[in-house]
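The values are calculated or read from the model by the stated rules, or taken from the named source; none is laboratory data. None of the values given here were measured: they were computed from a predicted structure. Methodologically, a virtual Cβ is constructed for each residue, glycine included, from the backbone with ideal geometry; neighbour enumeration extends over all protein chains shown.
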Amino acid sequence: MRNQGFTLIELMIAIVIMVAFTYALFTFSTSLTRARQVVEVKVIQEEGFRNALRWLENDVRQAAELDNAGNGVQGLQVLPTDPGNRIQFQIPTDLETNTWSEPITYRVVNRPELNSVGTLIREQDLSTPPDGDFTDANETRIIADHILTSIFALNGEELSVFLLSIYVGPSGHRSSHYSNSVIVLRN
């Protein structure tokens, strides 16, 4: 008479099938997690680029549009630096008295905590504000993180902006992305 149980071979086959199914499920889950991380990194980089270009375009266009006398943007100049470039300009604050803002500078600064990748910042010296009150403050805003380099080129009424972003994720995954845009100074 035979017992109503499973044989050792039947149990081993069932275990092998369960292990194979679990491994396939784990592999699928891991690949989905990695794909999600890659997409999140691309979103972070795209948001940084859009933010940087929005700030820069707003500042430069404001300077160009307010100067109706045709003088161009006051002090708009591309300054070569190492490792990238910086751009510096002034915005008209009062055209009747020909008063201009303190210089505004966009540049990349190195940030060791970002694995030697930098941050695009906007700086403005506010030591002598238009109202004449003295302050020791400089206004510095972080515009975009994980920027390896920025290149600015001024060609007549167009400002070309190239940004290269390198992002190293928590798992060591590296992602590079670039943006190349042109800002038309006058419409």
Q: Sort through R111, R107 and tell me the only one that's of a type in the set (D, E, K, R), modelled with pLDDT under 75 and within 20 Å of A52 (Cα to Cα).
A: R111
Q. Failed condition for N3, given (1) modelled with pLDDT under 90; (2) assigned to a helix (DSSP H, G or I), with all others met?
A. (2)
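Results for (1) hydroxyl-bearing (S, T, Y); (2) at pLDDT below 80; (3) farther than 16 Å from Q90 by Cα; (4) part of a loop (DSSP other than H, G, I, E, B), shown as yes or no for each residue.
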position	(1), (2), (3), (4)
P129	no, yes, no, yes
T135	yes, yes, yes, yes
A144	no, no, yes, no
Y167	yes, yes, yes, no
G172	no, yes, yes, yes
Q | Pick from region 114-127, criterion assigned to a strand (DSSP E or B) and among the aliphatic types (A, V, I, L, M), ranking: modelled with the lowest pLDDT | A | V117
(Q) Where the second residue is loosely packed, with under 10 Cβ neighbours inside 10 Å and the first is within 18 Å of V168 (Cα to Cα) and lies in region 25-41, which pairs have Cβ atoms under 7 Å and are six or more apart or on separate chains? (A) Q37/S171
Q. Of everything in region 147-165 that's out of contact with any helix residue (DSSP H, G or I) (no Cβ under 8 Å at 6 or more places or on another chain) and among the β-branched types (V, I, T), which residue is modelled with the highest pLDDT?
A. I151
(Q) Condition first: within 21 Å of R86 (Cα to Cα) and surrounded by 13 or more Cβ atoms within 10 Å (Cβ to Cβ). Now tell me which residues in region 40-49 satisfy that. (A) Q45, E46, G48, F49
Q) Name the residues in region 39-64 that are polar (S, T, N, Q), at pLDDT 80 or above and more than 19 Å from V117 (Cβ to Cβ), would you? A) N58
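Being under 21 Å from the mean Cα position of the chain (by Cα), modelled with pLDDT under 70 and either hydrophobic (A, V, I, L, M, F, W, C) or in a loop (DSSP other than H, G, I, E, B) (or both) is the requirement here; does L79 meet it? Quick ask: steps written out before the conclusion?
Working: under 21 Å from the mean Cα position of the chain (by Cα): yes; modelled with pLDDT under 70: yes; either hydrophobic (A, V, I, L, M, F, W, C) or in a loop (DSSP other than H, G, I, E, B) (or both): yes.
Judged against the criteria, L79 is a match.
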